[in-house]
Amino acid sequence: MYGNAVHKRELIMNCISVNQFRDNLKKYIEQTVNEHESIKVTRRVGENFIVMSADDWEREQETLHILQSSNLMAQIAESMGSHNKNKVYKPINEQLDENTSL
């Protein structure tokens, strides 16, 4: 598919040279968008860069926002604790029927 694979903390990112990327730009963009796989593009001179779809970037930003919010992380931890203790809200059949009859 791509050139070399970069392994770091169980993250596998495909790695290609800037020349390969430039020569096959459309192909790599289509693969990035359709397969939701980021590509690391390496350069001889200058910083390397990452190519990823806009949808994937937005998901990453949302995840970072949640991870950086102590309130959201506390809510998640509380929900996980409730789930693990099986103390979650369980609607009665009438409520389920009401919700599914929409």
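See the values below:
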{"item": "When the convex hull of its Cα atoms is projected in every direction, mean area for segment 13-60 (nm²)", "result": "3.3"}
{"item": "Extended-chain gain in nm, criterion 0.36 nm per residue less alpha-carbon gap, Val45 and Cys15", "result": "9.2 nm"}
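Throughout, read-outs are computed from the coordinates displayed, never taken from laboratory work. This structure is a prediction, so every number in the text was calculated from the model and none was measured.
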